[in-house]
């Protein structure tokens, strides 16, 4: 009985000590979720209600939606963004995983020097490469096409580094056994490396898709016209002019945010495993 009471007192003491931590984490969670909640509620309110700071759901959702589709082609912009982001994600996963696989499992001093140069390239801001990239795309006559959006993002140093780091957990003995059994190098990559690195691919897919979906500056530079407009471009156009319909604007932001929110929540477990370098 004495041991049981002692344990209960110890547990109770630990729980009391953790109360400030729980309170702090609750406040931080509320502050993190509140902007998302406010976006949902503002999409259902009028401009006046949003300006007054109303933070609860209203009854103006249908009117905001009608105003949104009357202002611009919402579903065409959604389709464009999804198509561009999907194609860029698939291409980037293939190219960057092949590069990371090659850098780690076939590395030598020359590849290490090349990888060091790639890491230095990460320090160059995107704005500094905007004009050279635009000049290259213009000379290739790809302006205002899907390829102008996709090609510059097919290979990123961050994803190559991520795949290279996680490839260190790939079992070399398994690869050598496959070679002895007659499996080609391409076969090893697609039939062995790819299934074992699913978590890394999931994490890279989330990062790439979100980056492509939210991209604004580059598509704004190389793509003109309503036919190729993306969701960030559509939302940016809503804030132009002398007056802004905040209810309609927040509904547009909601439509622009939902795909990335859904993808992250669906793949959050694999995302966490991929970031920490898990191999299955």
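The values are calculated or read from the model by the stated rules, or taken from the named source; none is laboratory data. Treat the numbers as computed from the prediction; the structure is a model and nothing was measured. Note that we place each Cβ from the backbone using ideal geometry, even for glycine, and neighbour counts take in every protein chain shown.
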Problem set entry | Among (1) modelled with pLDDT of 80 or more; (2) assigned to a helix (DSSP H, G or I), the one test that residue 175 misses | (1)
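Restricting attention to helices (runs of 4 or more DSSP H) lying wholly within region 25-129, give those where 1 or more residues are surrounded by 14 or more Cβ atoms within 10 Å (Cβ to Cβ) and assigned by TED's automatic domain parsing to the domain that holds residue 190. So that I can check it myself, show each step before the final result.
Working: elements: 47-51, 61-71, 74-105, 109-121.
Fully inside region 25-129 and qualifying: 61-71, 74-105, 109-121.
Here's the yes/no breakdown for (1) touching a helix residue (DSSP H, G or I) at 6+ places or on another chain (Cβ under 8 Å); (2) surrounded by 19 or more Cβ atoms within 10 Å (Cβ to Cβ):
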site: 160; (1), (2): yes, yes
site: 172; (1), (2): yes, no
site: 182; (1), (2): no, no
site: 198; (1), (2): yes, no
site: 217; (1), (2): yes, no
site: 221; (1), (2): yes, no
site: 226; (1), (2): yes, no
site: 248; (1), (2): yes, yes
